[in-house]
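Asker: Below you'll find the structure I mean.
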Amino acid sequence: MYWNETMECMSRDELHKLQSIRLKRVVERVYSNTTFYRKKMQELDITPCDIQTIDDIVKLPFTTKQDLRENYPFGLMASPMSEIVRLHASSGTTGKPIVAGYTRNDLTVWHEGVARCLVAYGLTKSDIVQVSYGYGLFTGGMGAHGGTEAIGGSVIPMSSGNTQKQITLMHDFGATALACTPSYALHLAEAIHESEYPIEEFKLKVGLFGAEPWTDNMRRELEDKLRIKAFDIYGLTEISGPGVGGECEYQDGTHLWEDHFYPEIIDPVSLQQVEAGTQGELVFTTISKDGMPLLRYRTRDLTALHYETCRCGRTAVRMDRIMGRSDDMLIIRGVNVFPSQVESVILELPEFEAHYMITVDRVNNTDTFQINVELKPEYYSDEMNKVVALRNKITARLTSVIGIKPDIKIVEPRSIERSQGKAKHVIDLRKLK
């Protein structure tokens, strides 16, 4: 099923023409209305006249998260505040938050993107979507909410937290889809199995999960525990919240809606574009946004793009799962380590829950690398030889995948704190010294 078949299945040649028109328009807009971009372009000795097709995008300057912080709060707006009808912002855990402004047209585009995702997942106006992303400045709740209303579906605007009420209303209201972070979905799945409601009484069939990297092993875990089909939905505050892209029924990559959000993959060191299918850093240009358009925004997400037409008929480019973020990568004793690698291994092994905590420190000028992992209740034992055997098993597997030996600490079931939003899996104490 398609929400907008014309755009989702447009030929690459027609899409190229549309992208070129929209890029020229947005470059003219930011050059005229945004001091930051006008100065950046002047420094590169380019004007809007130098941008004739989408291929000219390589001439344009990059935008970074630091640029957004330095222009806090409204320095990157290309529309007057009288036309900005919604403001969102990132959590701002370090320094000022990242602010994004939306005009009415921007909200329409955002909801269009989410609607395309929902319909690709098989949802219709007959479905009831429980939105358990956080509402407020975070884009997750409002994004999933708006997209559901766009397709005519029913919204249960739960927000995150209050897990027991989540379960009760999910059961009583007959929710057919769940929208939240994958880590919170896993927490809900555990809570449902411990609740008074048999899983057979729930009507859930689809999960739309995003806002944090997750693996195919996590997908299988969620699909098994919740008896659903679990789909990835991708977005970020700076670009358009959830709905920048989503999977189709084949779950063979995330389709990016490149008629609105033009993607590139660059080498994060050389900043040059890489060949299709090559992993690198994802960069977006918002080619239809009015309120706060961004040119070549470096997301720091590491992935690859594939341009072959999908089995579903969509020509929209497909993105691999996000491996991690270039700025979240841990370098431990000279080895590059991503939390997603650790998660993938843990979920391969049936004895362990998908809950873990990585702690990195430096002792006597040497990095330490500890991973706390939870055993499932049926495997938890006071017999030391069994615990040692399991520790050796997971240590060997992680060492072979990561290339460095971690210190594994097996902890009892439910001893690692559960997340109700984005999961925190890393404590790097080296940064605190």
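A short reminder: the numbers here are calculations on the coordinates, not readings from a lab. Here the structure is a predicted model, which means the values were calculated and not measured. Methodologically, a virtual Cβ is constructed for each residue, glycine included, from the backbone with ideal geometry; neighbour enumeration extends over all protein chains shown.
Asker: What is the chain's relative contact order, in percent, from Cα pairs under 8 angstrom and six or more apart in sequence?
Answerer: After rounding, I find 14 percent.
Asker: Tally Lys/Arg at +1 and Asp/Glu at -1 over every other residue whose Cβ is under 13 Å from the Cβ of G122; what's the total? Kindly include the intermediate steps, with their values, before the conclusion.
Answerer: Numbers: positive: R116, K125, K205, K229; negative: D127, E247, E249.
Here the charged neighbours net out to +1.
Asker: Karplus couplings for the range 25-40 from phi (6.51 cos²θ - 1.76 cosθ + 1.60, θ = phi - 60°), rounded to Hz, Gly and Pro as x?
Answerer: Couplings: 5, 6, 5, 4, 5, 6, 5, 7, 10, 10, 4, 4, 6, 4, 5, 4 Hz.
Asker: In addition: Restricting to Cα atoms and excluding each atom paired with itself, what does the Kirkwood estimate give for the chain in Å?
Answerer: 22.8 Å
Asker: Quickly estimate the mean residue ellipticity at 222 nm for the chain, helices only: each DSSP H run with n ≥ 4 gives -39500 (n - 2.57), and the total goes over all residues, rounded to 500.
Answerer: So the helix-based figure for the chain works out to -9500 deg cm²/dmol.
Asker: Can you list the HN-Hα couplings for the range 282-287, worked out from phi with the Karplus curve (6.51, -1.76, 1.60; θ = phi - 60°), rounded to whole Hz and with x for Gly and Pro?
Answerer: 7, 10, 10, 10, 8, 8
Asker: Still on this structure: How large are Rg and Dmax for the range 296-364 when only the alpha carbon atoms are used, in Å?
Answerer: 16.6, 57
Asker: Can you work out the FRET efficiency for the pair T168 and R414, with r the C-beta to C-beta distance and R0 = 25 Å, to the nearest 0.05?
Answerer: 0.75
Asker: In whole angstrom, how long is each semi-axis of the equivalent ellipsoid of the range 340-433, when you take the square root of 5 times every eigenvalue of its Cα gyration tensor and sort them from largest down?
Answerer: Taking √(5λ) for each eigenvalue gives 22, 17, 13 Å, largest first.
Asker: Using DSSP, restrict attention to beta bridges with both residues in the chain and report what percent are antiparallel, rounded to the nearest 5.
Answerer: Of the beta bridges lying entirely in the chain, close to 65 percent run antiparallel.
Asker: Another question, then. So which GluC sites (Glu not before Pro) in the range 180-242 end up in coil per DSSP with only 10 or fewer other C-beta atoms within 10 Å?
Answerer: The qualifying sites are E194, E196.
Asker: Percent relative contact order of the range 333-433, based on C-alpha pairs within less than 8 angstrom and at least six residues apart?
Answerer: About 35 percent, as a whole number.
Asker: Which of the aspartates and glutamates could a cross-linker bridge to K39, judged by Cα under 20 Å and excluding same-chain residues fewer than eight apart?
Answerer: E28, D50, D56, D67, E70, D290
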